[in-house]
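The values are calculated or read from the model by the stated rules, or taken from the named source; none is laboratory data. Values in this document were obtained by computation on a predicted structure and should not be read as measured data. Note that we place each Cβ from the backbone using ideal geometry, even for glycine, and neighbour counts take in every protein chain shown.
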């Protein structure tokens, strides 16, 4: 154990070290003299601190009781109100139970337990003697295995150890199927009706007024029993109607809309968030995740943010009953880029 | 050990007999003798690591409770619980069981709140603890490896946080997974495959929650526990560092004995941390998943954000422009077998900033060690001002991180302060590059100025505020000289001088040595030497500042 702080200097050369230029340095005066606390000298103060600690522990006891009042006293009745009251009582109870104990112990330690700082010598982390002994042991072990003298054993062992982990990697192959061309197709196909998300009712062209926007799914999506969310994650579409003269379709895409009604993939080409915000006045689509902004009047070209590619357009038309239908699937993969996309 | 059953010691109380029984079988006396009075230095900044440890314990306790009720299945179900707005809504079993924990299990909501708040606190305290260790130079020999273990713990705490965040399968966390999927797909060659393997098919599939659950409740906590054990073991081996001051040097450790004072303070502190988390959980709602709804790939609301610790990656994704002066940041590369796509606009911001931060973090102790050629053990910490360049580097890194972190709230900044979202992004893009440089310069100047102030106080004492008028009419403020202890705190530090590259045995200064010489200049060119007894003695004070063209002499 170290010596108590009596003000004697320990280690006077704490600062100057070889290779550094300071020679003329202040000497370490050693630990400052210990100063007594009020509770060390005044029995009344000590008694007061003792009572304070006890009160803090009593507060903890009360806190625990509050917890049980909250747990058994509050009946949850399907409303948020009772839930909130219960949560508050449980939280307050635990908080006081814990803070009472914690502050009580810390106050006890600070006010009443000895506060003499003591110094202890550090030990060498590694002694030279240990190092030499360890080297000797390792040398002996290697020598006794004879691995240096028997290269046949060594080499075959290296080969075996190198190969043995491979099954541990290969066995994870069945975590999932290979991608195949799954990312290139969606539920959309020729004649697939555009339906409202989420109820799946088809949309008539006449229902789409200028300036309106619809969140759209393929009509057949709700008939799926398996993989519905995965299918939806690729197929969701935003449908908007603008003045036809505001649209500037490029060559070959003039007939992809109908009467100013256009449909674009809702999945951001950046990392796949739904591009859910439509600014009707500016004809901009904004992705709320990373603020990529697409301009509807320029075929959803990126005008701001981290996305590079425009949102893919879904070619649409109307069927005989006046419902909006897809002309085909998207002409390119939707959503974020991937290595094989090309 | 002899076979005799006779023991000279007979315990008098029953507690004593039980203790003696155990002691004879495991040798507890030796352990107690070693650790019972082990000395720990005391300082408020040493408590961040404790907060991290304690919040991890609270995470284990509250998390274990939650596992009894949570069901990580992605099977479809229809909500039939008491929360009216979601009645009949199609959702996964995982989300349904999260609602059950929140609304039907008594104390379940409280436990969810405690778990989430302590997770936020855990990552925060690990981060702040690492900042403390960096700025005080506690990573120096012999603690470099423990610094690396700390860095691994930081990464593991991020992994623990993210895997847990995704489990409720709510709209917000589902969008987070969607972003992860987008980033994974951007990885060249293997990205698409990793995505399909991770999600068990196309995003989101039906496997991911169960897989994340396994990692969240088993793999990651087990690794964290292992790393914590190694971390604490090394703390015991090295003994704790201490702040500089009279009586403290690299060969001793000054502080309170473990029993009773230190153990009481540290043990009591656990209850305080728990109490504070419970208090926050009682009054501040976190992650109300019932407001977000179950995951659905179509809707997302504006102003969504990840938990704070993922913010810097999300912010980097936001800051990256897709088009730079009409040059796309995604490239279609023609290769012999066809065209492949490289999304630098996703891959770059997702990997490069985090890569830089963690690379520098892990290698910094060795960089500084190489530059300074300092192979001594350091147990006395540096006051940040006394290592100006290191402190400036740390602040530069911190600002680099904070700019990205702020960028994750760019939309909220724009709506809150009613400024243009695009302008916020442009400013943050500029700050991303300029901020760290400005931070470096300002911090270094502030540190040097503080050193000069220390020097001044050491030599001339502190201002008393007492003005006296001398017989000839001059007014003077009386300075009170410091006592030896206070003065030593201000002068007891090292101020290395820059070092030229050292020639090797052939008399040649290698290119590596030249670089080291340059870096040494970068680190130590501007320096303030500690005050010396001669200066104090002389009463007059020569130039404190060596080198550094732009350094002004200290004037009094």
So residue B:240 fits all but one of (1) facing chain A (nearest Cβ under 7 Å); (2) within 23 Å of residue B:382 (Cα to Cα); (3) part of a loop (DSSP other than H, G, I, E, B); (4) out of contact with any helix residue (DSSP H, G or I) (no Cβ under 6 Å at 6 or more places or on another chain); what number is the exception?
-> (1)
Quick one: count up the residues across the range B:291-300 that are in contact (Cβ under 8 Å) with a residue 12 or more places away in the chain and either in a loop (DSSP other than H, G, I, E, B) or over 26 Å from residue B:92 (Cβ atoms) (or both).
-> 6
Going by the conditions given, is residue B:84 within 27 Å of residue B:98 (Cα to Cα), outside the structural domain of residue B:157 (by TED's automatic domain parsing) and modelled with pLDDT under 95?
-> yes
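Out of all the residues in the range A:238-253, is one or more within 30 Å of residue A:276 (Cα to Cα) and within 14 Å of chain B (Cβ to nearest Cβ)? If you could, list the steps in order and put the result at the bottom.
Within the range A:238-253, the subset within 30 Å of residue A:276 (Cα to Cα) is A:238-253.
From the residues that got through so far, the ones that are within 14 Å of chain B (Cβ to nearest Cβ) too are A:238-239.
Yes, the conditions are met somewhere in the range A:238-253.
Just checking, which of B:257, B:246 is facing another protein chain (nearest Cβ under 8 Å) and more than 30 Å from residue A:99 (Cβ to Cβ)? Break it down stepwise before answering.
Numbers: B:257 fails: more than 30 Å from residue A:99 (Cβ to Cβ).
Answer to the selection: B:246.
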Residue satisfying all of: in the range A:262-274; part of a loop (DSSP other than H, G, I, E, B) and more than 21 Å from the chain's Cα centre (by Cα); nearest to the other protein chains (Cβ to nearest Cβ) among these | A:266
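What's the total number of residues in the range A:216-241 that are part of a loop (DSSP other than H, G, I, E, B) and crowded, with 20+ Cβ neighbours inside 10 Å? Please lay out each step first, then the result.
Kept after step one, since they are part of a loop (DSSP other than H, G, I, E, B), are these residues of the range A:216-241: A:224-227, A:236.
Next cut, crowded, with 20+ Cβ neighbours inside 10 Å only: A:236.
Number of matching residues: 1.
This table checks each residue for (1) without any contact (Cβ under 8 Å) to a residue 40 or more places away in the chain; (2) farther than 30 Å from residue B:176 by Cβ; (3) in contact with a helix residue (DSSP H, G or I) (Cβ under 8 Å, 6 or more places away or on another chain).
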| site | (1), (2), (3) |
| --- | --- |
| A:155 | yes, yes, no |
| A:161 | yes, yes, no |
| A:164 | yes, yes, no |
| A:235 | no, no, yes |
| A:244 | yes, yes, no |
| A:248 | no, yes, yes |
| A:251 | yes, yes, no |
| A:266 | no, no, no |
Give the residue that is farthest from residue A:50 (Cα to Cα), with candidates limited to residues of the range A:73-88 that are in a helix (DSSP H, G or I), more than 8 Å from chain B (Cβ to nearest Cβ) and under 34 Å from the mean Cα position of the chain (by Cα).
-> A:80
Give the range B:163-209 a look and list any residue that's more than 7 Å from every other protein chain (Cβ to nearest Cβ) and at positive phi, or say none.
-> B:169
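Only one of B:349, B:306 is in contact with a helix residue (DSSP H, G or I) (Cβ under 9 Å, 6 or more places away or on another chain), buried (at least 20 other Cβ atoms within 10 Å of the Cβ) and either at pLDDT below 95 or under 30 Å from residue B:526 (Cα atoms) (or both). Can you tell me which? Step through it out loud before you land on a result.
Numbers: B:349 fails: either at pLDDT below 95 or under 30 Å from residue B:526 (Cα atoms) (or both).
Within the list B:349, B:306, the selection yields B:306.
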Please enumerate the residues belonging to the range A:178-198 that are loosely packed, with under 13 Cβ neighbours inside 10 Å and within 12 Å of chain B (Cβ to nearest Cβ).
-> A:178, A:180, A:181
What is the residue count in the range B:172-203 for residues that are touching a helix residue (DSSP H, G or I) at 6+ places or on another chain (Cβ under 6 Å) and assigned to a loop (DSSP other than H, G, I, E, B)?
-> 3
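To keep it simple, each residue is scored yes or no on (1) touching a strand residue (DSSP E or B) at 6+ places or on another chain (Cβ under 7 Å); (2) more than 30 Å from residue B:534 (Cβ to Cβ).
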site: B:396; (1), (2): no, yes
site: B:419; (1), (2): no, yes
site: B:424; (1), (2): no, yes
site: B:428; (1), (2): no, yes
site: B:439; (1), (2): no, yes
site: B:447; (1), (2): no, no
site: B:451; (1), (2): yes, no
site: B:470; (1), (2): yes, no
site: B:478; (1), (2): yes, no
Just to be sure, is residue A:91 at the interface with chain B (Cβ under 10 Å from one of its Cβ atoms), within 43 Å of the chain's Cα centre (by Cα), in a helix (DSSP H, G or I) and farther than 30 Å from residue B:39 by Cβ?
-> yes
Could you check residue B:348 against (1) more than 14 Å from every other protein chain (Cβ to nearest Cβ); (2) under 21 Å from residue A:290 (Cα atoms) and say which number it fails?
-> (1)
Restricting the range A:285-313 to residues that are in contact with a helix residue (DSSP H, G or I) (Cβ under 9 Å, 6 or more places away or on another chain) and away from every other protein chain (no Cβ under 14 Å), which is farthest from residue A:342 (Cα to Cα)?
-> A:297
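Kindly indicate which of B:338, B:303 is on the phi > 0 side of the Ramachandran plot and in contact (Cβ under 8 Å) with a residue 60 or more places away in the chain. Walk me through it before giving the result.
Numbers: B:338 fails: in contact (Cβ under 8 Å) with a residue 60 or more places away in the chain.
Every option except B:303 fails the conditions.
Of these, B:420, B:343, which one is within 30 Å of residue B:329 (Cα to Cα), over 17 Å from the mean Cα position of the chain (by Cα) and buried (at least 18 other Cβ atoms within 10 Å of the Cβ)?
Details: B:420 fails: buried (at least 18 other Cβ atoms within 10 Å of the Cβ).
Result: B:343 is the single residue among B:420, B:343 that is within 30 Å of residue B:329 (Cα to Cα), over 17 Å from the mean Cα position of the chain (by Cα) and buried (at least 18 other Cβ atoms within 10 Å of the Cβ).
Is it the case, given these coordinates, that residue A:298 is surrounded by fewer than 17 Cβ atoms within 10 Å (Cβ to Cβ) and either at pLDDT 95 or above or closer than 28 Å to residue B:414 by Cβ (or both)?
On the way: surrounded by fewer than 17 Cβ atoms within 10 Å (Cβ to Cβ): yes; either at pLDDT 95 or above or closer than 28 Å to residue B:414 by Cβ (or both): yes.
In short, yes.
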